[in-house]
Amino acid sequence: MLSLAGEYVNNSCYILVEERVNIVLGSFYIPKDNKSNPKGDDAHFICGQKQTIGIADGVGGWTRQGVNAGEYARELMLNSVIALDAEPNGAVIPSRVLSEAYSKTKLPGSSTACLLSLNGNILCAAILGDSGFVVVRDGNVVYKSPVQQHSFNYPYQLGPASRDVIVAGTDGLFDNMHLEEISAQVSQGISRGSDPQDLAWTIAENALYNSFDRFAVTPFARASRENGGSHSGGKRDDITVLVAFVQPAVVAESPFKPRG
């Protein structure tokens, strides 16, 4: 089950657990149609060995100053992978990785970011801005990360029996799909036997469809009205989706037999 657990000690979280899980990962990226910036502003990485994923969305406002925000996001994620290499397997601290990556990223620009790492059966996250993630269990969203202004760790416990599915994305996903739509896609994907890569593709395609629908009641349109705006329909943007299936970890049988 997913629950708040652990404690913070020198920016780390500790908890004793009896069962371990791991995550099977997949991703899909749809850059916004823009001939002057064909790669878009999003970037991401997947590291199965470290059970860690990262996602970033370069702040497009830099374009007015002649800066390619996507280049900053891509360098930030590259530096995150480099920083991740120094982290011990099963004990990655996302905030430390993101901080180190930020210090090494020298290009002009800025970016949102979300790094997730599974440590044992604890999901830790470092979040900056409006990139984020949700956890879906049995067709229901049981957790959604808040929009953050500073990065820090959240420890949450994941149980292998609950078939948790983690969906991370940039605002191109969450501005165009409601949580209920995402959870429905997860349930349908599991029923079809989809793997994480296929499910990420399906969710991204649905977000893309909504982004072009001028009459869709999207989260972005609803937020616009709540803030005095008049936007209707979807929001055209780069869309990145990462999907992780939580499953029981395979534990090798010990070759030593107890005496007695």
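The values are calculated or read from the model by the stated rules, or taken from the named source; none is laboratory data. Just so it is clear, the model here is predicted, and its values are computed rather than measured. A quick note on method: Cβ atoms are made from the backbone with ideal geometry, for glycine too, and the neighbour counts reach across all protein chains shown. Heads up: the accessible areas ignore ligands, DNA and RNA and are worked out on the full protein's heavy atoms, side chains in. Shrake-Rupley method; radii C 1.70, N 1.55, O 1.52, S 1.80 Å.
Candidates in segment 57-92 are the residues that are buried (at least 19 other Cβ atoms within 10 Å of the Cβ) and in contact with a Cys (Cβ under 8 Å, 6 or more places away or on another chain); of these, the one that is nearest to residue 238 (Cα to Cα) is 84. Of the set (1) open to solvent by 70 Å² or more (accessible area, probe 1.4 Å); (2) part of a loop (DSSP other than H, G, I, E, B); (3) of a type in the set (D, E, K, R); (4) out of contact with any Lys or Arg (no Cβ under 8 Å at 6 or more places or on another chain), all apply to residue 236 but (4).
Given the criteria modelled with pLDDT under 85, over 30 Å from residue 99 (Cα atoms) and of a type outside the set (A, V, I, L, M), does residue 187 qualify? Judged against the criteria, residue 187 is not a match. So residue 109 fits all but one of (1) more than 17 Å from the chain's Cα centre (by Cα); (2) buried (at least 16 other Cβ atoms within 10 Å of the Cβ); (3) outside any loop (DSSP other than H, G, I, E, B); what number is the exception? Checking residue 109 against (1) more than 17 Å from the chain's Cα centre (by Cα); (2) buried (at least 16 other Cβ atoms within 10 Å of the Cβ); (3) outside any loop (DSSP other than H, G, I, E, B), the one that fails is (3). Scanning segment 238-249 turns up at least one residue that is at pLDDT 85 or above and farther than 20 Å from residue 136 by Cβ. What are the pairs, 6+ residues apart or on separate chains, where a residue within segment 234-249 that is in contact (Cβ under 8 Å) with a residue 24 or more places away in the chain and more than 17 Å from residue 51 (Cα to Cα) has its Cβ under 7 Å from a residue that is open to solvent by 40 Å² or more (accessible area, probe 1.4 Å) and among the hydroxyl-bearing types (Ser, Thr, Tyr)? What qualifies is 240/29.
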